[in-house]
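Below: one structure, written as structure tokens.
The values are calculated or read from the model by the stated rules, or taken from the named source; none is laboratory data. Since the structure is predicted, the reported quantities are computational estimates derived from the model, not experimental observations. When we count neighbours, we look across all protein chains shown, and the Cβ atoms used for this are built from the backbone with ideal geometry, even at glycine. Ligands, DNA and RNA are excluded from the accessible area calculation, which covers all protein heavy atoms including side chains. Shrake-Rupley method; radii C 1.70, N 1.55, O 1.52, S 1.80 Å.
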Amino acid sequence: MRYYIQFPAGTGGLVEESLGSYATGVDVAYADDSAMVFDADSAPEDIERIPFAKNSFSVIADVPRERLETAALDIADFIAEDRLDSSARTFRLMFHVDGELVGIGARARRRLESAVSYASGQRVAPSGAGEEYWIVGRTEYDRFMFCRRHNRPKLPAKARGAISHELSAMLVAASRPEPGDVFLDPFAGSGSFVEARLAFPAQRIVYSDTALQLLRGEFTDRLRDGRAIEFLADDALELPSIEDRSVDVIVTDPPWGEFEELALPVSEFLDRMAQSFDRVLRTDTGRLVLLTARRIAPVAEAALEKAGFALNAAHGILVNGHPATVIIGGRPT
């Protein structure tokens, strides 16, 4: 089945790293900095649950990209010969071309509305909770797609300054979660990564932050009630409560040295952090995903490599408008 997703701009590389944790048999047909078209073996309900997708769609048909009105008429001819399965009683049409919602000529709209109504048994409604069918065109994609928009679950609000649901989910998914994992965030803060890891089975999920008692008041209900989570207040540079070689995965966002004062020079701080990670991560399955300021990313990479880690990828992104880098690595294979 073909799908289309939209995601935060500039995170395309991370999305490709992360998509395999939510969908199977992924084959990307098109990608840009904020959208992707791909084939997958997964059912639509699996795609609906991808938390880093701002919108997701099942692609019903596509036609060569010409004039929008011509595409709408071609799509109408195609779907009039088939059935559209839906549980909703009403529908509306949306036209999204090159990142913007646009209008369409009355004749082409009426023809497409009539075809959808005939194929689905639904009636047209300009608003409400019915089905949404979109015709989508992307700037560098040579097809117009006719899509059904998924009804995605609404995510709870995050504490101010917390890593977003979308980015948290991407980084956790990029760590290739496995059911037997012992997962650790040693700079856990508001708990965004720990909460995102709850979406996957794990042997053990560990939250650790020296400011644990202060931060508890900012936890979401899901994090606060997380009986599957072990809470620690360890110093991440020592992690005294964590046994040697007992952790499979670290996903974390250490201090950047931009918004807070570090007790050590940045290079020394990152060296000690890497040594701490080296002690607790398993020698065979150890994996890590690190979010850091872009300006100190080379220093962080050097510290991790000096500690013996292999770095597989580095993705430049923006976090609340600030340049950042996501470093993905682990034990050498």
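Summary table below
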quantity: Matching option when the condition is closer than 30 Å to Val289 by Cβ, of a type in the set (A, V, I, L, M), buried (at least 20 other Cβ atoms within 10 Å of the Cβ) and modelled with pLDDT of 90 or more, among Ala108, Ala169, Ala115; calculated: Ala169
quantity: Among (1) farther than 24 Å from Pro201 by Cα; (2) at pLDDT 95 or above, the one test that Asp244 misses; calculated: (1)
quantity: Which numbered condition Val28 fails, given (1) of a type in the set (Val, Ile, Thr); (2) within 11 Å of the chain's Cα centre (by Cα); (3) open to solvent by 30 Å² or more (accessible area, probe 1.4 Å); calculated: (2)
quantity: Answer residue from the stretch 201-215, given it is more than 26 Å from Ala297 (Cα to Cα) and either in contact with a helix residue (DSSP H, G or I) (Cβ under 7 Å, 6 or more places away or on another chain) or polar (S, T, N, Q) (or both) and is surrounded by the fewest Cβ atoms within 10 Å (Cβ to Cβ) among those; calculated: Gln213
quantity: Sole residue being touching a residue at least 60 places away in the same chain (Cβ under 8 Å), in contact with a strand residue (DSSP E or B) (Cβ under 6 Å, 6 or more places away or on another chain) and over 24 Å from Gly12 (Cα atoms), chosen from Ala125, Ala71; calculated: Ala71
quantity: Output for the stretch 221-231, where each listed residue is assigned to a loop (DSSP other than H, G, I, E, B) and either closer than 20 Å to Met273 by Cβ or open to solvent by less than 20 Å² (accessible area, probe 1.4 Å) (or both); calculated: Gly226
quantity: Of residues in the stretch 76-98 being at pLDDT below 85 and hydroxyl-bearing (Ser, Thr, Tyr), the one least open to solvent (accessible area, probe 1.4 Å); calculated: Ser86
quantity: Lone unmet requirement of (1) under 16 Å from His96 (Cα atoms); (2) in contact with a helix residue (DSSP H, G or I) (Cβ under 9 Å, 6 or more places away or on another chain); (3) open to solvent by less than 50 Å² (accessible area, probe 1.4 Å) for Val59; calculated: (2)
quantity: Residue in the stretch 95-103 that is acidic (Asp, Glu) and assigned to a loop (DSSP other than H, G, I, E, B) present; calculated: yes
quantity: Extreme residue, nearest to the chain's Cα centre (by Cα), among residues of the stretch 174-230 that are among the polar types (S, T, N, Q) and under 21 Å from Arg245 (Cα atoms); calculated: Ser175
quantity: Members of the stretch 144-166 found to be at pLDDT 90 or above and either in contact with a Gly (Cβ under 8 Å, 6 or more places away or on another chain) or open to solvent by 60 Å² or more (accessible area, probe 1.4 Å) (or both), listed by number; calculated: Phe144, Met145, Arg149
